[in-house]
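The values are calculated or read from the model by the stated rules, or taken from the named source; none is laboratory data. Please read all numbers here as calculations on a predicted model, not as lab measurements. Neighbour counts run over all protein chains shown; Cβ positions are idealised from the backbone, glycine included. Surface accessibility is based on the protein's heavy atoms, side chains included, excluding ligands, DNA and RNA. Shrake-Rupley method; radii C 1.70, N 1.55, O 1.52, S 1.80 Å.
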Amino acid sequence: MADHDDETPAPGSAVAQNEPRPISSGTAVIPTEAFENPGEPPHRLRVTDKDPREEKLAERQVSALFFLSVIFSCLAVAAYIAFPIKPGDTHSIRLNNLFLGLGIALGLLSIGVGAVHWSKTLMPAREITEMRHLTKGSAPTREKAAEVFALGNKESGFGRRALIRNSLFGALVAFILPGVVIFRDLAPSVDPNVVLKQTLWKKGMHLTLDPTGTRIKATDVTIGSVFHVIPENLLTSDDMLEEKAKAAVLLMRLNPDDLHEPAGRENWQYNGIVAYSKICTHVGCPVALYEQQTHHLLCPCHQSTFDVTQNCAVIFGPASRPLPQLPIEVDADGYLVAQSDFHEPVGPSFWERDK
C-alpha cells in the first residue's frame with residue numbers, strides 16, 4: 001500500500017478531487033442607495049424666546065416655586081413641633097408622620113417642579129448633536145471642559161439670574177432643616193454621662209436571673225459557670241427595655257487566685273464571683289460568649305475580647321476600654337446583692353464621657 005500513496009485516485013473511487021464551481025460576479029448584491037442623514041427638525045421658538053415679558057414671568061414662577069419649597073420645609077419643622085409624639089398614643093404618631101411627611105414631600109416636589117420649569121422655559125432649547133469620541137485627560141481637554149462649564153453657566157443663566165439662583169439656594173438650605181430638627185431631637189435631652197452612668201443598680205439590690213427574676217445565692221455559682229443577670233426591680237420598671245440595655249450584667253465565678261484585681265477593687269468580688277456589664281464598650285452589643293478555659297468574654301458583633309482575670313481589660317478588637325465592673329457582696333441570707341451602681345458610664349465610649 002505504501003507504494004501507491006502518491007497515485008491519483010481514479011474517478012468513481014472513494015476519494016475524488018473536484019474543483020470548486022466558479023460563481024458569476026453578476027449574482028453579487030451591491031447596494032445602490034446609501035442611507036441619508038435626515039437631519040434635525042427645524043427649531044421651534046418658545047413663547048419665552050419671543051416675548052421678554054413671558055421670559056420674566058417664567059423667571060418669577062421658578063423663583064416662586066423655590067420660595068414655596070422654603071415655606072413647606074419650614075411648615076414641616078413647625079408640624080414636627082406642633083404635633084409631638086406621645087408615648088402610647090398612636091393617633092399622635094399618625095398626625096406627626098402625616099404633616100411632617102407632607103411638608104418634606106411638598107418641599108422636595110416644589111424644588112423638582114421649579115427645576116424642570118426652569119429648564120423647559122428659560123434654558124436654551126436648541127437641538128445639539130455631538131459625535132462620540134475618546135476623551136483624554138490632557139491639558140487641552142481640561143481647558144475645553146472648563147469652557148463647557150462656563151458655556152453651560154452662561155446658557156442656563158445661573159450666574160446672571162440672581163433671583164432664581166438665590167431662591168434655589170434658599171430652598172435647598174431650608175429643605176434640610178426638617179432633617180436637622182428630627183435627628184437633633186433623637187439626642188438625649190440630658191447629659192449622656194448622667195443617662196448612662198445611672199442604672200437601676202443600687203446598694204442592696206439583689207442580683208436575679210434573666211429573665212425569670214429569681215434571686216441568686218452565692219453557693220449556686222460554681223467555678224466556670226456564667227449567669228445572665230438583671231436587677232430585681234427591672235421587671236416592674238416602666239422602661240424595662242431601656243433600663244435592661246444599661247443594667248444587664250454577666251456573673252461568673254473564677255478561682256480567686258486567678259483574679260488580678262486593681263487597687264481599690266479588692267472587695268468588689270466575693271470568693272471569686274465577679275459581675276461585669278454585659279454591654280460592649282465598642283457599639284453596645286451584648287457580650288454573651290464566655291470562654292471557660294481562658295476566662296475571656298467575646299463580643300459576637302466585632303470580636304472585641306475582654307480578659308476577666310485582668311478586670312475585663314481589652315485584649316483584642318475595636319473596644320477602647322474595659323467592661324465596667326459591678327461591685328457585689330452577700331447579704332445575711334447568702335444572696336448576692338450590689339454594693340452600689342456602676343462607678344463609670346456603661347456602653348459605648350462617647351466624646352462627652354468623663355475621663
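Worth pointing out:
- Residues (out of contact with any Phe, Trp or Tyr (no Cβ under 7 Å at 6 or more places or on another chain) and either surrounded by 15 or more Cβ atoms within 10 Å (Cβ to Cβ) or within 30 Å of residue 106 (Cα to Cα) (or both)) located in region 199-220: 200, 205, 207, 208, 210, 213, 220
- Number of positions in region 264-276 that are touching a residue at least 24 places away in the same chain (Cβ under 8 Å), open to solvent by 50 Å² or more (accessible area, probe 1.4 Å) and out of contact with any helix residue (DSSP H, G or I) (no Cβ under 9 Å at 6 or more places or on another chain): 2
- Scanning region 269-326 for residues that are within 20 Å of residue 241 (Cα to Cα) and basic (Lys, Arg) yields a single hit, 278.
Condition check ((1) under 18 Å from residue 214 (Cα atoms); (2) free of Cβ contacts under 8 Å to residues at least 60 places away in the same chain) across all residues:
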{"residue": "240", "(1), (2)": "yes, yes"}
{"residue": "249", "(1), (2)": "yes, no"}
{"residue": "280", "(1), (2)": "no, no"}
{"residue": "283", "(1), (2)": "no, no"}
{"residue": "296", "(1), (2)": "no, yes"}
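- Residue that is nearest to residue 339 (Cα to Cα) [pool: residues in region 197-224 that are part of a loop (DSSP other than H, G, I, E, B) and out of contact with any strand residue (DSSP E or B) (no Cβ under 8 Å at 6 or more places or on another chain)]: 198
- Condition check for residue 303 on (1) on the phi > 0 side of the Ramachandran plot; (2) surrounded by 14 or more Cβ atoms within 10 Å (Cβ to Cβ): one failure, at (2).
- All of 128, 164 fail the test of being among the aliphatic types (A, V, I, L, M), in contact with a helix residue (DSSP H, G or I) (Cβ under 6 Å, 6 or more places away or on another chain) and either closer than 22 Å to residue 49 by Cβ or modelled with pLDDT under 85 (or both), apart from 164.
- Residue that is surrounded by the most Cβ atoms within 10 Å (Cβ to Cβ) [pool: residues in region 307-326 that are free of Cβ contacts under 8 Å to residues at least 24 places away in the same chain and in contact with a His (Cβ under 8 Å, 6 or more places away or on another chain)]: 307
Let's see how each residue does on (1) over 25 Å from residue 349 (Cα atoms); (2) buried (at least 17 other Cβ atoms within 10 Å of the Cβ); (3) touching a Gly at 6+ places or on another chain (Cβ under 8 Å):
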{"position": "262", "(1), (2), (3)": "no, no, no"}
{"position": "296", "(1), (2), (3)": "no, yes, no"}
{"position": "328", "(1), (2), (3)": "no, yes, no"}
{"position": "336", "(1), (2), (3)": "yes, yes, no"}
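- Listed by first and then second residue, the pairs with beta-carbon distance under 8 Å, at least 6 apart or on different chains, first residue in region 179-197 and exposed (fewer than 14 other Cβ atoms within 10 Å of the Cβ) and modelled with pLDDT under 75, second of a type in the set (A, V, I, L, M) and outside any loop (DSSP other than H, G, I, E, B), are 188/195.
- Criterion violated by residue 60 - all others in (1) part of a helix (DSSP H, G or I); (2) more than 22 Å from residue 173 (Cβ to Cβ); (3) open to solvent by 40 Å² or more (accessible area, probe 1.4 Å) satisfied: (2)
- When we screen 145, 150, 174 for residues that are in a helix (DSSP H, G or I), within 29 Å of residue 121 (Cβ to Cβ) and within 24 Å of the chain's Cα centre (by Cα), the only hit is 174.
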